[in-house]
Amino acid sequence: MKTKVAVITDSASGFTFAEARAAGVILIPLTIIIDGKEYEDLKDITTEQFLAAQKQKARTTTSLPAPGKVYELFKKTLQDYEEIARIFPAVQLPVILMDALLSSIL
């Protein structure tokens, strides 16, 4: 029997939303913070806008998607899929702990 598996990654993967959709991947945006204002990567701000802010010496940081947003996405995704494969860039290895925790409570 085949299992229906959803693949989820975040915008640090390099996918745009269109590319992810075409590949059958669900994309969750990172949080981009510029001078204290939060944006959802690729939704509220483009890569070019982020790079322009850095060139202008704005205070820029990034953050993983909030655990609550990840939880809600997992919960919603499991309505249509039996399992989730969470793919993440190697630089985010500590997120494994968050995903393991979320997976254990779903």
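Quick one: in region 25-55, which of the residues that are part of a helix (DSSP H, G or I) and surrounded by 15 or more Cβ atoms within 10 Å (Cβ to Cβ) is nearest to the chain's Cα centre (by Cα)? Can you show your working first?
Of region 25-55, the ones part of a helix (DSSP H, G or I) are 47-55.
Next, from what is left, pick out any that are surrounded by 15 or more Cβ atoms within 10 Å (Cβ to Cβ): 50, 53.
Numbers: Phe50: 17, Ala53: 21 Å.
Going through the qualifying residues, I end up with Phe50.
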Of the conditions (1) over 11 Å from the mean Cα position of the chain (by Cα); (2) under 24 Å from Arg86 (Cα atoms); (3) among the hydrophobic types (A, V, I, L, M, F, W, C), Ala58 fails just one. Which one is it? (2)
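Could you pull out the residue among Leu93, Leu64, Leu102 that is modelled with pLDDT under 85, within 30 Å of Lys4 (Cβ to Cβ), loosely packed, with under 12 Cβ neighbours inside 10 Å and out of contact with any strand residue (DSSP E or B) (no Cβ under 6 Å at 6 or more places or on another chain)?
Details: Leu64 fails: loosely packed, with under 12 Cβ neighbours inside 10 Å; Leu102 fails: loosely packed, with under 12 Cβ neighbours inside 10 Å.
The match here is Leu93.
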Here the qualifying pairs (Cβ atoms under 6 Å; residues six or more apart or on different chains; first in region 29-43 and in contact (Cβ under 8 Å) with a residue 12 or more places away in the chain and closer than 21 Å to Arg86 by Cα; second among the β-branched types (Val, Ile, Thr) and in a strand (DSSP E or B)) come out as Leu30/Thr62; Ile32/Ile45; Ile32/Thr62; Asp41/Ile32
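Sort through Ala6, Ala22 and tell me the only one that's of a type in the set (A, V, I, L, M), exposed (fewer than 14 other Cβ atoms within 10 Å of the Cβ) and either within 21 Å of Lys75 (Cα to Cα) or without any contact (Cβ under 8 Å) to a residue 60 or more places away in the chain (or both).
Details: Ala6 fails: exposed (fewer than 14 other Cβ atoms within 10 Å of the Cβ).
Being of a type in the set (A, V, I, L, M), exposed (fewer than 14 other Cβ atoms within 10 Å of the Cβ) and either within 21 Å of Lys75 (Cα to Cα) or without any contact (Cβ under 8 Å) to a residue 60 or more places away in the chain (or both) holds for just one of Ala6, Ala22, which is Ala22.
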Residues satisfying the stated conditions in region 1-14, i.e. modelled with pLDDT under 90 and part of a loop (DSSP other than H, G, I, E, B): Met1, Lys2, Thr3, Gly14
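In region 67-84, which residue that is touching a helix residue (DSSP H, G or I) at 6+ places or on another chain (Cβ under 7 Å) and in a helix (DSSP H, G or I) is modelled with the highest pLDDT?
Applying the first criterion (touching a helix residue (DSSP H, G or I) at 6+ places or on another chain (Cβ under 7 Å)) to region 67-84 yields 67, 70-71, 74, 84.
From the residues that got through so far, the ones that are in a helix (DSSP H, G or I) too are 67, 70-71, 74.
On the way: Pro67: 82, Val70: 86, Tyr71: 88, Phe74: 91.
The qualifying residue modelled with the highest pLDDT is Phe74.
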As an exercise: evaluate Ile87 against (1) under 18 Å from Phe17 (Cβ atoms); (2) modelled with pLDDT of 90 or more; (3) loosely packed, with under 13 Cβ neighbours inside 10 Å and give the number of the one condition it does not meet. (2)
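The values are calculated or read from the model by the stated rules, or taken from the named source; none is laboratory data. Keep in mind the model is a prediction, meaning the values are calculated, not measured. A quick note on method: Cβ atoms are made from the backbone with ideal geometry, for glycine too, and the neighbour counts reach across all protein chains shown.
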